[in-house]
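Undergrad: Once you've had a glance at the structure underneath, I'll fire off some questions.
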Amino acid sequence: MIIGILELVLRLPDSHSLKAKRQVIKSIKDKVRNRFNVSMAEVGDHDLWQTARLGVCTLGNDRAHLNARLDQVLNFIEGLHLASDLEFQLDFLDY
């Protein structure tokens, strides 16, 4: 079994409160979960208004398939244009 992990850091310059940040994050999480078969959660920067750290996880037995799925998730989030800057780190764990 292989676990694919994608960590995203989003910059949200239009967010001026934690409530606004939560609305953007909820929108992203709902759209990604409905479109892709992945788990997603906010994993850091909980108290920063204009930065969100999200984790996306999926598992399977083919690294190429997991890589393609996480790339699709990344491209989808970039295509939403809800964040101005996006940093990411992709990792795989053999279990």
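We did not get these values from a lab; they are worked out from the coordinates using the rules stated. Since we're looking at a predicted model, the values are computed, not measured. Glycine gets a Cβ as well: all are built from the backbone with ideal geometry, and neighbour counts include every protein chain shown.
Undergrad: Which option, [x] 5.5; [y] 6.3; [z] 14.2, is the value of mean projected area of the Cα convex hull in nm² that was calculated from these coordinates?
TA: [x]
Undergrad: For the range 18-95, run through the trypsin sites (Lys or Arg not before Pro) and keep only the ones in DSSP coil with at most 10 other Cβ atoms within 10 Å of their Cβ.
TA: Numbers: sites: LYS19, LYS21, ARG22, LYS26, LYS29, LYS31, ARG33, ARG35, ARG53, ARG63, ARG69; in loops: none.
Answer in residue order: no site qualifies.
Undergrad: Can you tell me the length gained on complete extension of the stretch GLN50 to GLN23, counting 0.36 nm per residue apart and subtracting the Cα distance? Before the final figure, lay out the partial values.
TA: Working: separation 27, 0.36 × 27 = 9.72 nm, distance 1.22 nm.
My answer for the length gained is 8.5 nm.
Undergrad: So which aspartates and glutamates can LYS19 reach, going by Cα to Cα under 19 Å and dropping same-chain residues fewer than 8 places off?
TA: List returned: ASP30, GLU42, ASP45, ASP47.
Undergrad: Next question. Rounding to the nearest 20 debye, state how big the charge dipole of the chain is about its Cα centre with +1 on each Lys and Arg Cβ and -1 on each Asp and Glu Cβ. It would help to have the intermediate numbers written out before the result.
TA: Values: 12 positive and 13 negative charges, 94 e Å.
Roughly 460 debye, rounded to the nearest 20.
Undergrad: Please list, in chain and number order, the residues 5+ apart from THR51 or on another chain whose amide H is under 5 Å from its amide H, with Hs placed from the backbone.
TA: Amide H neighbours of THR51: LEU12.
Undergrad: For every helix of n ≥ 4 consecutive DSSP H residues, a contribution of -39,500 (n - 2.57) applies; sum these over the chain, divide by its total residues, and give [θ] at 222 nm rounded to the nearest 500 deg cm²/dmol. Display every interim value, and only then the final one.
TA: Details: 2 runs with 35 residues, N = 95.
So the calculated ellipticity at 222 nm is -12500 deg cm²/dmol.
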